[in-house]
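The values are calculated or read from the model by the stated rules, or taken from the named source; none is laboratory data. The model shown is predicted, which means the values in this text are computed figures rather than measured ones. Neighbour counts are summed over all protein chains in view; Cβ atoms, including those assigned to glycine, are modelled from backbone coordinates with ideal geometry. Quick note on the areas: whole protein, heavy atoms, side chains included, nothing else; ligands and nucleic acids left out. Shrake-Rupley method; radii C 1.70, N 1.55, O 1.52, S 1.80 Å.
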Amino acid sequence: MKRRKMVVAAGFCLSFFMGTLMNFLFIPGFEHHGERAHRYYHEKQQPGGDAAVRLHADDSPHVETKLEPTAAAGRLPELRLQIRERLDEVLRYRQRRAHWVGTGDAARPLERRRLMDLEQDSDWESYKEIGGNDTYENPGDHPVVSIATKLHQESPREAMLGCGSIDNVTNVHYLGSGYTKAVYKAALNSSFSVALKSVDFGGHDMENCVKKYASSKDCYKLASFKIVKEMTLMERLQHPNILKLYGYCYQDSNDIKDTVTAITELGSPLEMIQLLQTPWEERFRICLSLMRLLHYLSHSPLGSVTLLDFRPRQFVLVEGVLKVTDLDDASVEETPCSPSSPSDCLMEFPARNFTLSCHKGRCQEMNEKRNLYNAYRFFFTYLLPHSAPTALRPFLDKIVNSTGELIWGTDETLVHLEKVLDMYKNGYYLKNNTQTHKTEYKRISNASIAAENYRCWPSYQHDGCMLSVFSAEEAIDVCESHAQCRAFVMTNQSTWTGHQLVVFKTSAASVTEAPGKLTYVRLGTSGS
């Protein structure tokens with residue numbers, strides 16, 4: 001029996017690796033930038049005695065690439081046009097009228113929404129002249145955007161943070177980077193950890209841009225608008241499954257003025273291999289969190305939002321809840337189309353393609369459908385059905401199949417996932433078994449068993465067998481299904497669904513006093 005379980009587990013892991021490999025080989029989007037040298041500099045000791053730690057760019061990328069002057073000058077209008085386009089995109093998000101809905105995060109209402117206001121007159125006029133005025137020489141000499149966001153906060157931790165907040169950060173650790181941004185973990189006041197996001201001067205975007213245009217200032221401006229866009233969306237899209245923006249900082253860094261650092265909520269990376277080893281209840285929570293997010297994005301105040309770079313590494317876990325952390329490649333623009341050209345609304349994925357209908361010059365629900373199918377191929381396929389309670393599997397299989405075929409939209413999919421949650425929380429998945437159990441159990445109040453552990457899969461403990469159950473009756477069913485189980489301890493801990501955590505034991509030889517816990521021991525077994 002044990003060998004059979006190992007074979008099944010090995011086969012499942014192999015299928016997961018093959019599916020993931022196919023997805024990653026053909027996925028549209030961005031490749032992760034390879035190993036690079038990332039570092040931050042500790043500034044000199046401050047008069048108060050504390051070392052101010054700030055994130056700075058490496059000096060080396062600031063060296064202008066040696067290009068022919070005429071070639072570099074000829075390419076600058078093209079770069080500045082790209083800057084203008086990114087600025088316009090940020091402004092469109094900022095100026096869209098928001099019709100706030102009940103799914104937003106009511107705990108963080110905004111008092112004013114002036115995120116990324118342009119400096120009036122000179123800066124805006126300079127941008128309006130991009131591409132048509134050769135006298136636009138040094139756009140980096142003046143700040144193009146300033147952030148003047150104020151939140152109506154209900155707790156000190158929720159107050160908007162600024163440069164003063166990160167002057168004295170400690171325990172700064174590099175976490176990773178993509179094409180544009182580098183992310184660091186830092187501690188504020190030695191206790192509250194945050195993530196700091198800034199432009200990666202050694203990253204793919206900056207390196208390629210400087211090589212092509214020979215202007216680190218303009219290239220930084222182009223890259224920084226991705227961070228500005230992300231901050232804008234974090235402010236406009238208030239939802240429990242979107243990473244919180246705590247604040248921002250503009251400060252000079254070497255020859256670049258007003259480098260921007262976003263201060264956000266800190267999450268842990270999403271490791272799919274580890275998730276496959278976690279209990280089903282936690283994997284279901286991740287899928288439910290994702291679906292609640294996608295439902296919100298389909299009906300957001302800005303319109304239907306699609307995540308163009310949709311991969312597990314764009315998400316993090318915060319206390320078990322899935323949150324999207326990367327929004328710089330999000331878009332609210334539905335794909336334009338012509339009724340006479342069906343290929344305009346073709347969605348291509350590694351395993352299959354979909355052709356959507358063209359309605360009023362736009363591909364109907366393409367943003368929503370793209371998000372949903374990506375959720376299916378990266379999350380639902382691997383996390384939903386496996387090791388789920390037997391009675392719930394038909395419902396979960398239907399969800400997986402319907403999202404894989406794009407039969408349902410986000411509304412229907414969320415309704416069915418919430419139904420599964422209700423069945424699980426209320427124990428409706430349990431067998432209506434009126435038969436008595438095979439053996440009787442002795443109930444010992446305020447007691448636990450110190451040792452006598454054995455391993456099972458999946459478990460909340462690596463060195464034992466800890467599972468969640470709806471009731472003591474379900475725990476007895478589990479114990480009787482395990483050949484080595486002779487007792488179990490009902491702990492005073494519960495999961496996010498209210499299920500109780502239970503530790504299963506091989507015997508009751510080491511019963512100890514433990515207030516709040518209940519121990520059940522099989523009668524007529526050794527050690528009882």
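Plugging the Kirkwood radius over Cα pairs into Stokes-Einstein for the range 444-528, at a temperature of 20 °C and a viscosity of 1.002 mPa s, what D comes out in µm²/s?
171
To one decimal place, what Kirkwood hydrodynamic radius in Å is obtained for the range 318-406 from all pairs of distinct Cα atoms?
15.1
Could you state how much accessible area K212 has, in square angstrom rounded to the nearest 10, with a 1.4 Å probe and all protein chains kept in place?
90
Could you work out how far apart the two model spin labels at T497 and T390 are, taking each label as a point 7 Å from the Cα in the direction of the beta carbon, and quote it in nm?
Spacing of the two 7 Å Cα→Cβ label points: 1.7 nm.
Is any residue of the range 495-514 close enough, with backbone N under 15 Å, to a label point placed 7 angstrom from the Cα of N446 along the Cα-Cβ axis, and if so, which?
It comes to 512-514, nothing else.
Long-range amide H contacts for S300: which residues qualify at under 5 Å (H placed 1.01 Å from N, peptide plane, sequence gap of 5 or more or a different chain)?
Those lying under 5 Å, H to H, from S300 are V305.
Among M160, M291, M272, what's the order by accessible area (1.4 angstrom probe), most exposed first?
M160, M272, M291
Please give me the summed charge of the neighbours of L396: other residues whose Cβ is under 12 Å from its Cβ, Lys and Arg +1, Asp and Glu -1.
+3
Going toward the positive end of the dipole of the range 301-341, with +1 on Lys and Arg Cβ and -1 on Asp and Glu Cβ, which of F315, L302, L327 do you reach last?
F315
If you count only protein heavy atoms and use a 1.4 Å probe, how large is the accessible surface of K211, to the nearest 10 Å²?
Accessible surface of K211 is approximately 120 Å².
Tell me, what % of the accessible area of the range 247-364 is carbon and sulfur with a 1.4 angstrom probe?
Roughly 48 percent of what the probe reaches on the range 247-364 is carbon or sulfur.
Run the dipole for the range 332-419 about the Cα centre, Lys and Arg Cβ at +1, Asp and Glu Cβ at -1, nothing else charged, and hand back the magnitude in debye, nearest 20.
In total the dipole reaches around 220 debye.
Grab the other residues whose beta carbon is less than 15 angstrom from that of K360, score K and R as +1, D and E as -1, and report the net.
Combined, the nearby Lys, Arg, Asp and Glu give -3.
Amide H to amide H, which residues 5 or more places from T355 or on other chains are under 5 Å from it, using H placed in the peptide plane?
The answer is M347.
If you place +1 on the Cβ of every Lys and Arg and -1 on the Cβ of every Asp and Glu, how big does the dipole about the Cα centre of the range 221-298 come out, in debye to the nearest 20?
280
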